[in-house]
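Since the structure comes first, as structure tokens, the remarks are kept for the end.
The values are calculated or read from the model by the stated rules, or taken from the named source; none is laboratory data. Remember, it's a predicted structure, so these values are computed and weren't measured experimentally. Neighbour counts are summed over all protein chains in view; Cβ atoms, including those assigned to glycine, are modelled from backbone coordinates with ideal geometry. Remember, those area values only see protein heavy atoms, side chains included, never the ligands or the DNA or RNA. Shrake-Rupley method; radii C 1.70, N 1.55, O 1.52, S 1.80 Å.
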Amino acid sequence: MKDSTFGFIGLGLIGGSIARGIKRADPSVKIMAYMRTRSGLEKAKEDGTIDIILDGIDEHLSACDIIFLCTPVEYNASYLEKLSPLLKPGAFITDVGSTKTMIHETVTAMGMEEVFIGGHPMAGSEKTGYESSTDHLLENAYYIITPTKKSSADKVERLRQIALRIGALPLVLDYKEH
């Protein structure tokens, strides 16, 4: 796996399942995560899914190759604003939200089109939270990828490869088609 350091903002069912899948595919990667409730983070560290518990959005995220926004969609704009100055060259942010128009419009308004690729894993459960996540939740599920007009082919391919490594079926679409 080319990318070796991943950040997660939110580590519930979907974020936790992606993190578990990435760690299963390559145990040598480094995963750091932040969310408001610490108990899920402590469990994720204890079981080896994450390596670093973050206390907030801070300079630790500057080490990340890819940052996953796994929070409710109404919080994403504020997180994008905090993450933007922390990105290292070549890094990008993706999300897992079920709606794409608002996040893409926000990314465009913030001038972040080169560092954002939308995502929506088509998986879930009636259960919620990290404790319900599994390393195989996304297996054989479509993982919709919605690049911006300025997303590089390399970054789109990197996200596609991650989806494949966690067992998902990546499908690249214009966000207006999703």
- prompt: Taking region 60-95 as the region of interest, how many residues are β-branched (Val, Ile, Thr) and at pLDDT 95 or above?
  reply: 4
- request: Taking the options 16, 97, name whichever one is within 12 Å of the chain's Cα centre (by Cα), of a type in the set (Gly, Ala, Ser) and part of a loop (DSSP other than H, G, I, E, B).
  value: 97
- request: Could you look through region 97-126, keep only residues that are touching a helix residue (DSSP H, G or I) at 6+ places or on another chain (Cβ under 7 Å) and of a type in the set (D, E, K, R), and pick out the one that is modelled with the lowest pLDDT?
  value: 100
statement: Flagged pairs (Cβ under 8 angstrom, 6 or more apart or on separate chains; first in region 38-61, among the acidic types (Asp, Glu); second part of a helix (DSSP H, G or I) and surrounded by 15 or more Cβ atoms within 10 Å (Cβ to Cβ)) are 51/45; 58/86; 59/86
- line: Residues of region 69-86 being touching a Ser or Thr at 6+ places or on another chain (Cβ under 6 Å) and either over 16 Å from residue 118 (Cα atoms) or open to solvent by 60 Å² or more (accessible area, probe 1.4 Å) (or both), in sequence order, are 86
field: Complete set of residues in region 26-68 that are assigned to a helix (DSSP H, G or I), open to solvent by less than 40 Å² (accessible area, probe 1.4 Å) and of a type in the set (A, V, I, L, M)
entry: 41, 44, 61
- prompt: Can you tell which of 94, 106 is free of Cβ contacts under 8 Å to residues at least 40 places away in the same chain, among the polar types (S, T, N, Q) and surrounded by 15 or more Cβ atoms within 10 Å (Cβ to Cβ)?
  reply: 106
